[in-house]
Ligand SMILES: Nc1ncnc2c1ncn2[C@@H]1O[C@H](COP(=O)(O)OP(=O)(O)OP(=O)(O)O)[C@@H](O)[C@H]1O
């Protein structure tokens, strides 16, 4: 489904990824871990660009429309699939059938009480869960998510990751929380200074692998 062969990615003269070879099959649940600046976001974006038509992307900074409600932001996940008439109707006067699709999705992520509140009035964690709900509503073949639980409180982070893993066929995400990556992903790719240090099933990642990844420069 995704393939990179000795890929190098740079921003101007700043090299972000070096000699990356990678193959990801449909249905995999993959987590990128590694220190800040290791190249996780760059790798997510590089892979996303291979199939933007059938993937969704949860951005680190959510990329929501703050003036619109959580409901409307989630609806935007399918804006390109509906007619102009349906989109205008839902913007002004949400249709019952659309509410029946979106409200349970928000409810599942603990957001039902905020469904029709402006996103600008929601907390960071609530905004992040709204961005996840939008990606779920899109229902594409692949979900990319960049630090999708960074603002969610620790009690909810597991629940949110569980929902993500159940809702999509293929999931590729970056996580700072190593323990969550090991619990919810099947395959862990450790990145450091733009290179892959290990690529292993979660069950085979050991403390020495992690020490190698997070050792001081
Ligand atoms: N737009 C940009 N312009 C220049 N350099 C960039 C840009 N985006 C990222 N970089 C550099 O590329 C490298 C990898 O960045 P990237 O954001 O992919 O890392 P990351 O592992 O996702 O970091 P974090 O965990 O902090 O989000 C870093 O050295 C970073 O400074």
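See the values below:
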| read-out | value |
| --- | --- |
| Segment 124-151, residues that are part of a loop (DSSP other than H, G, I, E, B) and crowded, with 23+ Cβ neighbours inside 10 Å | 148, 149 |
| Residue check for residue 61: more than 12 Å from the ligand (Cβ to nearest atom), without any contact (Cβ under 8 Å) to a residue 40 or more places away in the chain and not assigned by TED's automatic domain parsing to the domain that holds residue 111 | no |
| Count of residues meeting criterion [in a helix (DSSP H, G or I) and either loosely packed, with under 12 Cβ neighbours inside 10 Å or at pLDDT 95 or above (or both)] in segment 73-98 | 10 |
| Residue, nearest to the ligand (Cβ to nearest atom), within segment 4-51, restricted to residues that are in a strand (DSSP E or B) and within 23 Å of residue 135 (Cβ to Cβ) | 32 |
| Any hit, segment 134-146, residues being farther than 24 Å from residue 54 by Cβ, in contact with a helix residue (DSSP H, G or I) (Cβ under 9 Å, 6 or more places away or on another chain) and touching a residue at least 24 places away in the same chain (Cβ under 8 Å) | no |
| Qualifying residues in segment 152-175 (those that are in a loop (DSSP other than H, G, I, E, B) and at pLDDT below 95) - the one farthest from residue 70 (Cα to Cα) | 169 |
| Check on residue 192, surrounded by 15 or more Cβ atoms within 10 Å (Cβ to Cβ) and either within 23 Å of residue 8 (Cα to Cα) or modelled with pLDDT of 95 or more (or both) | yes |
| Filter result for the condition that a residue is touching a helix residue (DSSP H, G or I) at 6+ places or on another chain (Cβ under 9 Å) and closer than 25 Å to residue 16 by Cα, over 122, 210, 111, 161 | 210 |
| Every residue from segment 164-188 that is out of contact with any helix residue (DSSP H, G or I) (no Cβ under 8 Å at 6 or more places or on another chain), within 12 Å of the ligand (Cβ to nearest atom) and under 18 Å from residue 1 (Cβ atoms) | none |
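The values are calculated or read from the model by the stated rules, or taken from the named source; none is laboratory data. From a predicted model like this one, the values you see are computed outputs, not experimental measurements. Cβ coordinates were reconstructed from backbone atoms using ideal geometry, including for glycine residues, and neighbour counts include every protein chain displayed.
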